[in-house]
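Engineer: What follows is a structure written as structure tokens; I'll ask about it next.
The values are calculated or read from the model by the stated rules, or taken from the named source; none is laboratory data. From a predicted model like this one, the values you see are computed outputs, not experimental measurements. Positions of Cβ are generated from backbone atoms using ideal geometry, with glycine treated the same way; all protein chains shown enter the neighbour counts. Note: areas computed on protein heavy atoms with side chains; ligands, DNA, RNA excluded. Shrake-Rupley method; radii C 1.70, N 1.55, O 1.52, S 1.80 Å.
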Amino acid sequence: MNGKKVPMRMCAICRSLKPKRELIRLVRTADGQVFMDETGKKPGRGLYVCPEKKCVDEALKGSRLDKTIGRAVDQDVKQQLKNAVFESKDEGLQRPNKGEAR
Ligand SMILES: [Zn+2]
């Protein structure tokens, strides 16, 4: 038998190795654009981040992502990245309207 190898990629932030499919892929195209690649197939330089709040927070904090990629990443893309992580978790993590107001 020869089992299929799972392609592993490293998170650019925490540097842990994970199966490619479990990571969020960001792509930097030849003309310098950066965007989130949901299909994992877009051409360009790939960069991977864990779909975890911890890593995404870290990536977006202090332009770490910009530095890692080597250029300023669009706010849109950052927002997309955030959404991808925050929406995949169930509620309970962030409940802005909870608790007493006074
Ligand atoms: Zn990570």
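Engineer: With all protein chains present and a 1.4 Å probe, how do LEU81, LEU47 order by accessible area, largest first? If you can, show how the numbers build up before the last one.
Structural biologist: Values: LEU81 0, LEU47 25 Å².
Highest to lowest solvent-accessible surface, that is LEU47, LEU81.
Engineer: Just read off the accessible area of LEU17 with the full protein assembly in place, 1.4 Å probe, to the nearest 10 Å².
Structural biologist: 110 Å²
Engineer: Rolling a 1.4 angstrom probe over the protein chains, ignoring ligands and nucleic acids, what is the accessible area of GLU52 in square angstrom, nearest 10?
Structural biologist: Taking all protein chains as shown, GLU52 has close to 60 Å².
Engineer: Quick one: accessible surface of LYS54, probe radius 1.4 Å, all protein chains present, in square angstrom to the nearest 10.
Structural biologist: 130 Å²
Engineer: Rounded, prolate or oblate for region 8-88? Axes are the square roots of the Cα gyration tensor eigenvalues, ordered a ≥ b ≥ c, and the cut-off for rounded is a/c under 1.5.
Structural biologist: rounded
Engineer: Now a separate question. Just list whichever of LYS41/LYS82; LYS20/LYS61; LYS54/LYS78; LYS5/LYS42; LYS4/LYS54 have alpha carbons separated by over 19 Å in the model shown.
Structural biologist: LYS41/LYS82; LYS20/LYS61; LYS5/LYS42; LYS4/LYS54
Engineer: Given +1 on the Cβ of Lys and Arg, -1 on the Cβ of Asp and Glu, and no further charges, what dipole in debye does region 1-78 carry about its Cα centre, rounded to the nearest 20?
Structural biologist: Computed about the Cα centre, the dipole is about 420 debye.
Engineer: Still on this structure, I have one more. Would you please give the residues with an amide H less than 5 Å from that of ALA12, counting only those at least 5 places away or on a separate chain, with H modeled from the backbone geometry?
Structural biologist: TYR48, VAL49, CYS50
Engineer: Moving to a separate point now. For region 8-88, what is the relative contact order in percent, using Cα pairs closer than 8 Å and at least 6 residues apart in sequence?
Structural biologist: It rounds to 27 percent for region 8-88.
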